[in-house]
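Only one structure is covered here, and it is reproduced in the block below.
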Amino acid sequence: PMTVGKYEVKFNLLNPNYTFARTDEGTTNTLTIQANVTKDNQERAYISVLVTETEFTYDGTGKLPVTGNLTAYESASTSANTVDIGTFNVHIEGLNETVFESTTTGVAAGTDITAIEGLTLPTAPGTYVIIVSAASDTHYLYKSQVFDITKATVTIKANDVTVYVGDEMPTFTYTVNGLVNEGDLTGDITLSCSATDTNTAGTYTITPGGGT
């Protein structure tokens, strides 16, 4: 028996030959879930929050995978009757070793989920879950959505250069794309060429290296 509320439930495998699979391709001996205990005779309500993206590329700004407003309905359709369920709770936390947690409570019905005050949005690469919940004496509501913020792809490209036979070897330069928030590369960038002099006409490869 439990009182109404939310509980963390952990599953431990007794057989050492088995483990739980993780979404990051690792394994774990313990699986943790959240259990929501509701009152007797409560009916489920629904929220129409549209899933827009479940994967974002890191750009340094806060991310949410859903759009829409916090309104409760009797069924899963916005054409259904609305339910007066009181205020909403919104919680975001990191999964699979992503360290993050942010919660806000008392969000009024009809609030645009992208305009919720007091909720910190995740910005770093990782796996997250957003949970929207609410409860009244007659209804309860719970909706979750897992999403990922993936690392940005940084590209270093050597710039083309043209010289004449017998000229001095040129100075090689490069262009960087994909850095965000005025980020910069660390470590020295090297540029090597398959030609060591300009005595023979032809096309040669310039190869960047180094840098983090």
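The values are calculated or read from the model by the stated rules, or taken from the named source; none is laboratory data. This one's a predicted model, so the numbers in the text were calculated from it and none came from an experiment. Positions of Cβ are generated from backbone atoms using ideal geometry, with glycine treated the same way; all protein chains shown enter the neighbour counts. Side chains included, ligands, DNA and RNA excluded: accessible areas come from the protein's heavy atoms. Shrake-Rupley method; radii C 1.70, N 1.55, O 1.52, S 1.80 Å.
Segment Cys193..Asn29, full-extension length gain: 54.0 nm, with 0.36 nm per residue of separation and the alpha-carbon distance subtracted. Based on protein heavy atoms only, the chain ends up with 65 Å² per residue of surface accessible to a 1.4 Å probe.
Computed with a 1.4 Å probe over protein heavy atoms only, the accessible area of Phe56 comes to about 20 Å².
What FRET efficiency do you get for Thr171 and Lys151 if R0 is 35 Å and r is their Cβ-Cβ distance, rounded to the nearest 0.05? That gives a FRET efficiency of 0.65.
The order of Phe11, Phe88 by accessible area, most exposed first and with a 1.4 Å probe, is Phe11, Phe88. For the stretch 81-188, the set of GluC sites (Glu not before Pro) satisfying both a DSSP loop assignment and a count of at most 11 other C-beta atoms within 10 Å is given as Glu97, Glu117, Glu168, Glu182.
Using Cα pairs under 8 angstrom and six or more residues apart, how large is the relative contact order of the stretch 1-151, in percent?
Rounded, it is 23 percent for the stretch 1-151.
At an R0 of 41 angstrom, the distance between the Cβ atoms of Thr78 and Tyr18 translates into a FRET efficiency of 0.40.
Within the full protein context, the accessible area of Asp84 is estimated at about 130 Å² for a probe radius of 1.4 Å.
Taken along the Cα-to-beta-carbon direction at a fixed 7 Å, the label points for Val163 and Leu121 span 4.9 nm.
If we count every other residue with Cβ under 13 angstrom of Pro125's Cβ, Lys/Arg +1 and Asp/Glu -1, where does the sum land?
-3
Note on the chain: with charges restricted to the Cβ of Lys and Arg (+1) and Asp and Glu (-1), its dipole about the Cα centre is near 680 debye. Its relative contact order, with pairs defined as Cα atoms under 8 Å and 6+ residues apart, puts the stretch 67-140 at 38 percent.
On a 1.4 Å probe surface of the protein chains, which of Tyr46, Tyr128, Tyr73 comes out largest in accessible area, and what is the full order?
Largest accessible area first, the residues go Tyr46, Tyr73, Tyr128.
Charge tally around Thr103: other residues with Cβ under 13 Å, Lys/Arg +1 each, Asp/Glu -1 each, net -2. Counting only C-alpha contacts under 8 Å and six or more residues apart, can you give the relative contact order of the stretch 84-212 as a whole percent? Over the stretch 84-212, the number comes to 18 percent. Put a plus charge on the Cβ of each Lys and Arg, a minus charge on the Cβ of each Asp and Glu, and nothing anywhere else: the dipole of the stretch 52-156 about its Cα centre is then about 120 debye.
At a 1.4 Å probe radius, carbon and sulfur cover how many percent of the accessible area of the stretch 1-122? So the carbon and sulfur contribution to the accessible surface is 46 percent. The alpha-carbon atoms of the chain define a convex hull whose volume equals 202 cubic angstrom per residue.
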